[in-house]
Structure formats: C-alpha cells, structure tokens
Amino acid sequence: MSTTIAFIGLGNMGGPMAANLVKAGHRVTGFDLSAECVARAKAAGVAIAASAAEAVQGAAVLISMLPASRHVEGLYLGETGILQSVAPNTLIIDCSTIAPASAQKVAQAAGQRGLTMIDAPVSGGTAGAQAGTLTFIVGGDDAALARARPLLEAMGKNIFHMGTAGAGQVAKLCNNMALGVIMAATGEALALGKAHGLDVGALSAMMAVSTSRSWATEVCNPWPGVLPNAPSSKGYVGGFGNDLMLKDLGLAVEAALQTGATIPLGESARNLYAMNSSAGRGGLDFSSVVRLFQKDA
Ligand code: NAD
C-alpha cells in the first residue's frame, strides 16, 4: 500500500532512506536546509517542499533524520514546532540519534496532541542506508511499531523493539559506545604492532579470525591500505563522521550521569574522539582516531 510520507532531513542518511521509500512505491515529500541535499533527493524522486510545515500537509507519516537533539527539539517543539502542523493520527518516526531524555520529551509532547511517535535510530551507516539494510532500534508502543514496520522494512532489514519511548536511543548509545571503544582499541593494537615492525595487513588478517575480531578489524579497519573499501583507504572520507561519534559518546556520558552507571572506557573514548576532532579530523571517518596512535602521524 502506498503511503504519503513527509521526510525531514535529507542528509547522508536521510537522503538514501527517503529514496528507498520512493523505490518501494511511497509518495515522499522532503525538506532539508541544504540545497545540495535537496537536489540529490529530488533526483531520486522525492518531491521537495519549501518548509517542514509544507512537507507534512496531507502526510500520514512523518519521518525525521536530523543531526542532534537540538535539531529534533527545534523541529517538533514550541509554538512554531511541527507538532502544531501535523494532522491528527499522523504517525511520527524519528530516526535521528539523540539523547533519550530528548526523545521522551518530544514523544510526550506528541502524545499530548494525540499523536503517536516512536524513536527509531539506526545502525548500518551510509552504506546500509543506500542498500536498504539498516538496523532500526525502536522505542515506543507495540501498536505504533506495527504501523511503522512496513516502512522500516523498506529502509532496513532488522528491527529491534527495545521498550517504551527513548529505549531505542538508550540501546543505540550502548551500541555506539562499544563501537567507539573497540575502534580506538583496535587502532591502538595495530599501531603497537606497526611500532614493532609488523605488517599491519598480516596483523589485521590474524586478528580478524582471532579473539579480538570485530567490525573494526573486518569491515572498517582503521589502518590505510588494509581493506580497500574502508574509509581509511580513501583518506577517511565518507563513513561515520568523528564528530557524530563524539556526539554519541557525549550522550552516553550524559546517560551514565543520569543513572550513576560506571563507564570508564566510554568516557576515555569520548576524550580520544575529542582529541581527534581538535587535531582537525572532526569531519573525517571516526576510524581516523588511529592517527592519535601512529608514531609517524
Ligand atoms: P547529515 O548531517 O548528513 O544530515 C542531517 C541533515 O539534516 C542535513 O542535511 C541538514 O541540512 C538537515 N537539517 C538540520 N536541521 C534541519 C531542519 N531544521 N530542517 C530540515 N533539515 C535540517 O547527518 P547524517 O549522517 O545523515 O546523520 C543523521 C543522524 O543519523 C544523526 O543523528 C547521526 O548520528 C545518525 N546516524 C548517522 C550514521 C552515519 O553513518 N552517517 C549512522 C547511524 C546513525
């Protein structure tokens, strides 16, 4: 069944996600502040609106994919927020990675207007967004997820329901905190091997089938030249930006402070990605954190 969808945020992730909804036969109207993103989405068959309020006119579903909490709260809340413009019974799906408290605040405001909302942050990166193989990590009630499921399936292949509003964001932060730590630890190990004269390709091949194997050794190896398709072999361009990882680790630290959880490795990793950002690599793939450990860098 074809659904009329408003899609706000057509960046590296939102653009290809909206394009996959068009491919699945849905009518998608998008909005983004960037002219470049708008042009790319238009070429993929997304109708373009002049504002978010215009995009939601006549839409049964509203999807957002924005950078951070402040953008999501800015879009939805307040007197000029989009919650004032959406029709009753609109289903809202926010796929951005934001603070769990922020997701709960927006879901509560939506609930007060009689609207249904789920948080559905994703894993799988830009490649997963393009291929339609994302993992959705969902917080919200069963009925809302049942309505969203066919659309999520047009953009991804795995859906995990973690609990009520905000639970998707908590689970996403847990995943990314572990990923940030593992990437930094892998980079540190490879740099140690290199400092002792080892061939980093051979070291990586061994680790990839041994007990330290991970996505960082097998798919997104941080050492240039080990895996030709990894961002590290393309000047760390593309992939998952260092500053997005830095944001997610900041959210993990905030979430730990709220509950008194102990996250010594997550806090150290946040500092490493902050140092990598200060060294001018904030816009590069997060695997460039390895440069902090390379003796010749
Ligand atoms: P991006 O910066 O490429 O895209 C965000 C887009 O939002 C931009 O095009 C920007 O112009 C637009 N935008 C900002 N405020 C807006 C507003 N008020 N109205 C309309 N458009 C607005 O970022 P991205 O890589 O697409 O990431 C989006 C989210 O997905 C982030 O929360 C990120 O943490 C998460 N995420 C990213 C990846 C990845 O690999 N890039 C993977 C998983 C999750």
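Can Ser34 be described as within 10 Å of the ligand (Cβ to nearest atom) and over 21 Å from Ala146 (Cα atoms)? Yes: the conditions hold for Ser34.
Listed by position, the helices (runs of 4 or more DSSP H) inside region 145-255 whose residues that are under 15 Å from the mean Cα position of the chain (by Cα) number at least 3 are 167-195.
Filtering region 107-144 to residues that are more than 9 Å from the ligand (Cβ to nearest atom) and part of a loop (DSSP other than H, G, I, E, B) leaves Arg113, Gly114, Leu115, Ala120, Gly132, Thr133, Gly140, Asp141.
Which one of these is surrounded by fewer than 23 Cβ atoms within 10 Å (Cβ to Cβ), within 16 Å of the ligand (Cβ to nearest atom) and either within 24 Å of Ala99 (Cβ to Cβ) or at pLDDT 95 or above (or both): Lys157, Lys172? Testing whether each residue is surrounded by fewer than 23 Cβ atoms within 10 Å (Cβ to Cβ), within 16 Å of the ligand (Cβ to nearest atom) and either within 24 Å of Ala99 (Cβ to Cβ) or at pLDDT 95 or above (or both) leaves just Lys157. Looking at Ser233, is it surrounded by fewer than 21 Cβ atoms within 10 Å (Cβ to Cβ) and of a type in the set (Gly, Ala, Ser)? Yes.
Of the residues Ala256, Ala261, Ala202, which single one is free of Cβ contacts under 8 Å to residues at least 12 places away in the same chain, within 26 Å of Leu66 (Cα to Cα) and surrounded by fewer than 19 Cβ atoms within 10 Å (Cβ to Cβ)?
Ala256
Of all residues in region 69-82, those that are surrounded by fewer than 19 Cβ atoms within 10 Å (Cβ to Cβ) and either basic (Lys, Arg) or under 18 Å from Gly11 (Cα atoms) (or both) total 3.
Quick one: which of Leu62, Leu66, Leu75 is within 23 Å of Ile98 (Cα to Cα) and part of a loop (DSSP other than H, G, I, E, B)?
Going through Leu62, Leu66, Leu75 in turn, the sole match is Leu66.
The values are calculated or read from the model by the stated rules, or taken from the named source; none is laboratory data. This is a predicted model, so every value here is computed, not measured. Ideal geometry is used to build each Cβ from the backbone, glycine not excepted, and the neighbour counts take in all protein chains shown.
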